[in-house]
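So the structure is just underneath, and the comments pick up after that.
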Amino acid sequence: PSLVVLPPAVAAKNPLLHAAIFLTSLATLVYEIALMRLFSVTLWYYFAFFVISLALLGGGAAAAALFVRRGWVRARLAGLLPGLALAHGLSCALSPAIYLVARLSVHDPTTATLNLALILGLFFLPFLFGGAVIAAILAYFPERVGSLYWADLSGAGVACLIIVPLLHVVPPPDLLAWTGLLPAAAGLLLARALGTGLLRGAIGATVARLVTLGALVTLLVLSLTPRSPYAVRFSKTRPLDVGIEYVEWTPLA
């Protein structure tokens, strides 16, 4: 059974719902473009098309799953939607950390196929969770679908405006991690908009939300340390453990 929540028509008028889809869309586009920059160094530049395919696959798979289980999702929407947003935030930060620490390079023919499959799985998750949040908001609040879709497109548009200045200031691996704050904020807004709170509901769900937020904060703190899991230690052709004296990222190099 679901928690007692605001009626859909009332919840749809809540500006927090619009803010949540704006932040989710903003995070998804920033993440997608920053991931292209990371892959162009650690894999090959044409993996930009791979990232676009991942984004489309994640959003399409999320929408299909919501359609198939639409009754089940509707009954649990108040608790499920904030949880999906928090999972989106954690997966944004966790995927690049695992990728870089595990050094999932594809330049070795003996491990290339396995590593590529692992890369696909890792970076599929942020787009799956983000797509699920956007699709669920648009599908389950049709009373305001016009303004919600406007908020969705506005988030994507703002991301396209700010990504180039951001890439001058923040290295793409760190940007991928810190982007996770936006979906986490969306999760908190959704919990408020739907008449639930972060600490309300089943004990298991509450613990899962707190653990997710704690893990995200831990990763972001680690990104500021000398032993950051977001340090790039391999390129498309070789390890980079020895000989690095200076590192700087730009939108092009």
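Every read-out reported here was derived from the displayed coordinates using simple, explicitly stated rules and does not represent laboratory data. All figures in this text were calculated on a predicted structure; none of them were measured in a lab. For neighbour counting, all protein chains shown are included, and Cβ atoms are generated from backbone atoms with ideal geometry for every residue, glycine included.
In this structure the amide hydrogen of residue 195, modeled in the peptide plane, comes within under 5 Å of the amide hydrogens of 6, none closer than 5 places in sequence on its chain.
Of the labelled options (1) 18.7; (2) 21.9; (3) 19.4, which one gives Kirkwood radius over Cα pairs in Å as computed for this structure? Here the calculated entry is (1). Where is the GNM fluctuation largest for the chain (alpha-carbon springs, 10 angstrom cutoff): 186, 48, 87? In this elastic network of the chain, the residue with the biggest mean-square fluctuation among 186, 48, 87 is 48.
Ranking 176, 99, 216 by Cα position along the charge dipole of the chain, where only Lys, Arg, Asp and Glu carry charges on their C-beta atoms, puts 216 farthest toward the positive end. For region 1-140, would you read off the P(r) tail past 18 Å as a percentage of all alpha carbon pairs? Pairs farther apart than 18 Å: 58 percent. Angle of helix 112-140 to the longest C-alpha principal axis of the chain, folded into 0 to 90 degrees and rounded to 10: 20°. Taking every C-alpha pair closer than 8 Å and separated by at least 6 residues, the mean separation divided by the residue count of region 146-253 gives a relative contact order of 37 percent. Longest span of the chain, sites excluded, free of chymotrypsin sites (Phe, Trp or Tyr not before Pro) in DSSP loop with at most 14 other C-beta atoms within 10 Å? The answer is 47-245. Under 5 Å between amide hydrogens, built in the peptide plane, is the criterion, and for residue 234 it picks out 240 among residues at least 5 positions away or on other chains. Charged neighbours of residue 233, selected by a Cβ distance under 14 Å, balance to +3 (K, R count +1; D, E count -1). Rounded to the nearest 10 degrees, the angle from helix 203-222 to the longest Cα principal axis of the chain is 30 degrees.
Each of 145, 30, 73 was scored by the projection of its Cα onto the charge dipole of the chain, and the greatest displacement toward the positive side belongs to 73; charges sit on the C-beta of Lys, Arg, Asp and Glu. Note on the chain: with a GNM built from Cα contacts shorter than 10 Å, the maximum mean-square fluctuation among 195, 59, 131 falls on 195. The long axis of helix 15-42 is offset from the longest Cα principal axis of the chain by roughly 20 degrees. Remark: relative contact order (the chain) = 38 percent; criterion is Cα-Cα distance under 8 angstrom and separation of 6 or more residues.
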